[in-house]
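Worksheet: the structure to be examined is printed underneath.
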2 protein chains.
Amino acid sequence: MPSESSAPPPAAPPVEKRRRSSGRVTLADVAKAAGVSPITASRALRRDRGVAEALVAKVQAAADALGYVPDPAARALASSRSTHVAVLVPLLTNRLFVDLLEAVQSVLLPAGYQSLIGVTHYDAHEEELLLRSYMAHRPAGLIVTGFDRSEAGSRLVASSRLPCVHVMETSAQPDVFCVGFSQEDAGHAVTRHLVERGRRRIAFVGAQLDARVMQRLEGYRRCLRDAGRHDAALEWLDPRRSSIALGAEMFEALLARHPDVDAIFFCNDDLGQGGLLAALRLGIPVPERIAVTGFNDLEGSDQMLPPLTTVRTPRAQIGAQAATMLLGLMRGEADVPHNVDVGYELVVRGSS
Amino acid sequence: MPSESSAPPPAAPPVEKRRRSSGRVTLADVAKAAGVSPITASRALRRDRGVAEALVAKVQAAADALGYVPDPAARALASSRSTHVAVLVPLLTNRLFVDLLEAVQSVLLPAGYQSLIGVTHYDAHEEELLLRSYMAHRPAGLIVTGFDRSEAGSRLVASSRLPCVHVMETSAQPDVFCVGFSQEDAGHAVTRHLVERGRRRIAFVGAQLDARVMQRLEGYRRCLRDAGRHDAALEWLDPRRSSIALGAEMFEALLARHPDVDAIFFCNDDLGQGGLLAALRLGIPVPERIAVTGFNDLEGSDQMLPPLTTVRTPRAQIGAQAATMLLGLMRGEADVPHNVDVGYELVVRGSS
DNA sequence: CTGAAAGCGCTTACAG
DNA sequence: CTGAAAGCGCTTACAG
């Protein structure tokens, strides 16, 4: 039996019809507590221009006290701009893009934006579907990888008129925002390093064959043509997904066909690690008999035997910079740079 | 000059004040085209019960013809349920969680749900912040990793009353939904394998020291105590992030201190790969002098010299199953299983 | 610098 | 089985 009580039972709450309140603290509650109108409260909390200092403080205090959290759905509906940023990357299984994403999130989250991460699997059709689906969410901005997409995909990006930053590549186009580095120059630098080490039969082993791999290949070609050592037969390309196992397989196949090869430029570190492991298994001395290089400086490359020469690509910097630029664009700032080249770094280790 | 025309110039559109239309095709447009009310159109498109077959077809046809895409913000505001599912994982740098996520997305996206991916970095405070931020988005459901979180975090999950599925572990609790396997049993199985191979001084090398690593350790302890071979000095633990380089470092340190160790159970494959590479570097024969095992069967483990014995964890299956269960919960289905054990598989390779 | 009115595009509850 | 009214919680114009 409940303890006795002389107090009258609490009055039943007034029956309001058509009430659907979710019980959450709304802007109206904050406004009432602060003694201002909801519009003013809205402007104060968004730090919109034209609200008196004192009012801003009062509203913010009321919001804090009530534990007010703005409703993103209501905000998106009213303003036709959400706090979502759609971020499209080819794969999450490549550590490169994970590092990129983490950096993006580390800038966007504290600024109040959520990332909608889309994985395209290097498939133009998948990318279109994702773009279409994410556009329906009225994202505030867009981050996409590179410039290589279907025409429909490009049109979706352009016609949305959304702030958009392209990552991983550079571009000379004036109407585009991008952060990256010249994949072709980096490919050239790796090849030149091998040439300078005196290698004469330098092969290029590429998988996936996405736009950036082909740009690195272009740098390789340019360098070897200039050096008078280009041989198309040494371009060893496979469209399958890049992996350690595939690197090992391609290493063996290439050497079986071209035993005179004395250097291999693997287009990615996972392939390079696989090549190094295959050499170890076959008892082929690296770098004495054959030099091996990779690309991207992925985890484990420095632990290989011998450690893998590679190109360190500043993807964390790219992600942070892209997010910062996007923030600027979304806020309508005028001085956002168009084309940021963050460079790359050749890391020479024991394998070459 | 335009072609002559006797028709009067088109009347200027009526000037409506306060118009803010975004120009997008709305439910009202579809309803008008189909000759029904917006409510009926809404119900027809959502396949809500109680709409005549013929009307559903007519509405759907109109929607298709107009290219109607429902506005998620409006829908979320009106129904207080979005099409977002918040998915919290510790890291994206561990391939395990990437495979999990991909599987989740492959089920959720076709069903019309978007994932909000949150990375907690094994940090209870970060997890709370993410939870709080994502809850504001009124997600339709939640997928979280394991059961080990702060009390505030657990409370956020519970008090949200949102459909929630826990992944990677199993639980006997009746009020919880989870998909995973027994980390402790798997740890026990690895250790038993080493015991059966005749190893006597079996060390456990663990990093990160999250809940699941500790459960594997518990399985290791149980097995060795039963075998009468447990020695606490051979539990080699380090709170740093798991990596190939750390595995190599811990391998060397452990052997320097305990030269009589004849087997090492690394709690994750990246550590195990590092250990294997260190052994190679030091000229320590594996498995003759020392057996090495890992956990999770990550990329490259089968390419090591010798290939790494490990436990294959069905994370793709876990992700797909968790997403399917969540779909059931979000749709209010009654027969969703509570505790799904997908098992694991010991993969014996050359390193043991 | 502040606010009353209207609207964003849906769905919920209430009727019939 | 279908619909007219109201409401979800914000922000955008328009005034003053």
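The values are calculated or read from the model by the stated rules, or taken from the named source; none is laboratory data. The shown structure was predicted, so the numbers you read here are calculated from the model rather than taken from an experiment. Backbone-built Cβ (ideal geometry, glycine too); neighbour counts: all protein chains shown.
Annotation note: of A:ASP175, A:ASP270, A:ASP231, the sole residue that is touching a helix residue (DSSP H, G or I) at 6+ places or on another chain (Cβ under 9 Å) and either surrounded by 22 or more Cβ atoms within 10 Å (Cβ to Cβ) or at pLDDT below 95 (or both) is A:ASP270. All of B:SER154, B:SER133, B:SER150 fail the test of being within 12 Å of chain A (Cβ to nearest Cβ) and either among the small types (Gly, Ala, Ser) or in contact with a strand residue (DSSP E or B) (Cβ under 7 Å, 6 or more places away or on another chain) (or both), apart from B:SER133.
For (1) among the charged types (D, E, K, R); (2) closer than 23 Å to B:SER154 by Cβ; (3) buried (at least 22 other Cβ atoms within 10 Å of the Cβ); (4) in contact with a Gly (Cβ under 8 Å, 6 or more places away or on another chain), each residue gets a yes or a no:
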| residue | (1), (2), (3), (4) |
| --- | --- |
| B:ILE39 | no, no, no, no |
| B:ASP48 | yes, no, no, no |
| B:PRO70 | no, no, no, no |
| B:ARG81 | yes, yes, no, no |
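Checking each residue in region B:79-98 for being at the interface with another protein chain (Cβ under 7 Å from one of its Cβ atoms) and within 16 Å of DNA strand D (Cβ to nearest atom) picks out B:SER80, B:SER82. Among the conditions (1) outside any helix (DSSP H, G or I); (2) outside the structural domain of B:LEU234 (by TED's automatic domain parsing); (3) modelled with pLDDT of 95 or more; (4) surrounded by fewer than 22 Cβ atoms within 10 Å (Cβ to Cβ), B:SER352 misses just one, which is (4). Looking only at region B:304-332, count every residue that is of a type outside the set (A, V, I, L, M), assigned to a helix (DSSP H, G or I) and surrounded by 21 or more Cβ atoms within 10 Å (Cβ to Cβ) and tell me the total. Summing the residues that are of a type outside the set (A, V, I, L, M), assigned to a helix (DSSP H, G or I) and surrounded by 21 or more Cβ atoms within 10 Å (Cβ to Cβ) in region B:304-332 gives 3. Of all the listed residues (A:ALA316, A:ALA334, A:ALA291, A:ALA253), the sole one being closer than 28 Å to A:TYR122 by Cβ, among the small types (Gly, Ala, Ser) and away from chain B (no Cβ under 14 Å) is A:ALA253. Report, by residue number, each residue of region B:297-313 that is away from chain A (no Cβ under 14 Å) and touching a residue at least 40 places away in the same chain (Cβ under 8 Å). Hits for region B:297-313 are B:THR309, B:THR310, B:VAL311, B:THR313.
Is it the case that A:THR120 is facing chain B (nearest Cβ under 8 Å) and not hydrophobic (A, V, I, L, M, F, W, C)? Taking the combined requirement at face value, the residue does not satisfy it.
Return the residues of region B:50-65 that are without any contact (Cβ under 8 Å) to a residue 12 or more places away in the chain and within 11 Å of DNA strand C (Cβ to nearest atom); say none if nothing qualifies. Passing the criteria: only B:GLY50.
The listed residues are B:ALA140, B:ALA203, B:ALA189, and the only one of them that is surrounded by 16 or more Cβ atoms within 10 Å (Cβ to Cβ), touching a His at 6+ places or on another chain (Cβ under 8 Å), more than 29 Å from B:GLU333 (Cβ to Cβ) and of a type outside the set (Lys, Arg) turns out to be B:ALA203. For region A:83-141, filtering for residues that are of a type in the set (Lys, Arg) and either closer than 21 Å to A:SER242 by Cα or not in a loop (DSSP other than H, G, I, E, B) (or both) leaves 2.
For A:ALA74, the stated conditions hold: it is within 9 Å of DNA strand C (Cβ to nearest atom), of a type in the set (Gly, Ala, Ser) and surrounded by 15 or more Cβ atoms within 10 Å (Cβ to Cβ).
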